[in-house]
Amino acid sequence: HKGVNITYQIRENRKGYKAGALKEGMKHGYVRECEYVAIFDADFQPDPDFLRRTIPFLVHNSDIALVQARWRFVNADECLMTRMQEMSLDYHFTVEQEVSSSVCAFFGFNGTAGVWRVSAVNEAGGWKDRTTVEDMDLAIRASLKGWKFVYLGDVQVKSELPSTFKAFRFQQHRWSCGPANLFRKMLMEIVRNKKVTIWKKIHVIYNFFLIRKIIAHIVTFAFYCLIIPATIFVPEVRIPKWGCVYIPTIITLLNSVGTPRSFHLLFFWILFENVMSLHRTKATLIGLLEAGRANEWVVTEKLGNALKMKSSSKSSAKKSFMRVWDRLNVTELGVAAFLFSCGWYDLAFGKDHFFIYLFFQGAAFFIVGIGYVGTIVPQS
């Protein structure tokens, strides 16, 4: 009505989930008149100058397909769980994305807060709903076509972190299962590609997929939650200090570089990441085996102002704690029992003082198991 060329459109079904929505959106007639498409999830709040700061990189560099901006979190201080999420994601943006962009290496699209060149999207085959990581799928296919990406760390877009454990768990399932499933489906396509160098293929297969998306999750859970506790019962097996102390300590310290203000939370971050490695390992195996939940898509719940509105209600305040059986996570409680038993055995018969770690890690699994992590949402 004001003469600005803006239309608001939705579709009537959820077929293909986010990939299906993006694919449907690209079919509209006005898209043929556009060179670029900016993508934001519903909880993202770009600044008014977002396009002015990103589009020039595409206009003046014809070989660039994607400009990715950084996420900034408006609710990072909501609870301890959001603080730890901020640490992990800030490391991802500050180190992984920044370094990959600086050396012109491949890095994935984060699914939001980015601008794509429409011709690159079309050349790469468009959006596909074969996995739950349509963003990564498109980025890899575009990269195999020879397109390049740019990450802008100084362009930050406000967004919201999931602040309930249930929402975070579903999100992590999708983020872990999807890449593993995509690796299964794209491995030979990457190997047979003739447009990129052998070194880029090795980088994508080994560094991007195998190390960061598959092995990291499985090794974290297997080593810290199974192997170390199991060695308590086999005294002949000794884990060298460089393997169980020095290297993990260095890795942990490196993860704090993106969020210096949370350095004092590193201890809690380690324990929580080990707990989440259980779900990530399970999701990774589901993706690799393409089991039943491989293509499960549960929208990540974001509370926004809903929590404040509920908390202001007197009737909601009286029911501020969910019923116990709605909060219980049986798998975490089972692992907690295993770690506590190993800890007590080590305290009685061990010599390496692993019981100190085992008790703390067991407590972390127990706290998550009884649901006292994240924001407790008042029940209406």
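Taking amide H positions as placed in the peptide plane 1.01 Å from N, state which residues far from Ile370 in sequence (5 or more) or on other chains have amide H under 5 Å from it.
Amide H to amide H, under 5 Å and 5 or more residues apart or across chains, Ile370 pairs with Asn329.
If each residue of separation counts as 0.36 nm, what is the full-extension length gain between Ser102 and Lys185 once their alpha-carbon separation is subtracted?
Answer, rounded to one decimal: 27.0 nm.
Read phi for every residue in the stretch 366-372 and hand back ³J(HN,Hα) as whole Hz from Karplus 6.51 cos²θ - 1.76 cosθ + 1.60, θ = phi - 60°, with x for Gly and Pro.
For the stretch 366-372, the Karplus-derived couplings read 5, 4, 5, x, 8, x, 9 Hz, x marking Gly and Pro.
What is the Cα radius of gyration of the stretch 49-184 over 2.2 N^0.38 Å, N being its residue count?
Ratio of Cα Rg to 2.2 N^0.38 Å: 1.08.
Give the calculated FRET efficiency between Glu290 and Leu226 to the nearest 0.05, with a Förster radius of 25 Å applied to their Cβ-Cβ distance.
Working: r = 24 Å, r/R0 = 0.97.
Once rounded, the FRET efficiency stands at 0.55.
For the chain, what does the helix formula give at 222 nm: sum of -39500 (n - 2.57) over DSSP H segments with n ≥ 4, over the residue count, nearest 500 deg cm²/dmol?
-14000 deg cm²/dmol
Expressed as a whole percentage, what fraction of the accessible surface of the chain belongs to carbon and sulfur atoms when a 1.4 Å probe is rolled over the protein heavy atoms?
Taking all protein chains in place, the chain shows 61 percent carbon and sulfur surface.
For a quick protection proxy, order the peptides 213-221, 290-298 by their average other-Cβ count within 10 Å, most packed first.
Going from most to least packed, we get 213-221, 290-298.
For Thr164, enumerate residues with amide H under 5 Å from its amide H, sequence gap 5+ or separate chain, H modeled in the peptide plane.
The list, which skips near neighbours in sequence, is Thr375.
For the chain, compute the orientation-averaged projected area of the C-alpha convex hull (one quarter of its surface), in nm².
Mean shadow area of the hull around the Cα atoms is 22.6 nm².
I'm a student and want to see the number: the projected area of the Cα convex hull of the stretch 2-103, averaged over all directions, in nm².
9.8
Gain in length, Lys2 to Val257, computed as 0.36 nm per residue apart minus the alpha-carbon separation, to one decimal in nm?
So the chain would gain 87.2 nm between Lys2 and Val257.
For every other residue with a beta carbon closer than 13 angstrom to the beta carbon of Leu161, add +1 if it is Lys or Arg and -1 if Asp or Glu, then tell me the sum.
-4
Tally Lys/Arg at +1 and Asp/Glu at -1 over every other residue whose Cβ is under 12 Å from the Cβ of Glu134; what's the total? It would help to have the intermediate numbers written out before the result.
Numbers: positive: Lys18, Lys23, Lys128, Arg130, Arg141, Arg174; negative: Asp129, Asp135, Asp137.
Surrounding charge for Glu134 is +3.
Can you compute the FRET efficiency between Tyr246 and Lys351 using 1/(1 + (r/R0)^6), with r the Cβ-Cβ distance and R0 = 25 Å? Round to the nearest 0.05.
Once rounded, the FRET efficiency stands at 0.85.
Against the longest principal axis of the chain, how steep is helix 266-289, in degrees 0 to 90 to the nearest 10, with axes from Cα atoms?
70
Would you mind checking which residues have amide H under 5 Å from Lys158's amide H? H placed 1.01 Å from N; only 5 or more apart, or other chain.
Long-range HN contacts for Lys158: Gln45, Asp47, Arg72.
Rolling a 1.4 Å sphere over the protein heavy atoms, what is the accessible area per residue of the chain, to the nearest Å²?
I get 53 Å² per residue for this part.
For an R0 of 41 angstrom, estimate the FRET efficiency from the Cβ-Cβ distance between Tyr206 and Phe360 and round to the nearest 0.05.
Taking R0 as 41 Å, the efficiency between Tyr206 and Phe360 is 0.75.
The values are calculated or read from the model by the stated rules, or taken from the named source; none is laboratory data. None of the values given here were measured: they were computed from a predicted structure. Please note: Cβ atoms are built from the backbone with ideal geometry, for glycine as well, and neighbour counts cover all protein chains shown. Remember, those area values only see protein heavy atoms, side chains included, never the ligands or the DNA or RNA. Shrake-Rupley method; radii C 1.70, N 1.55, O 1.52, S 1.80 Å.
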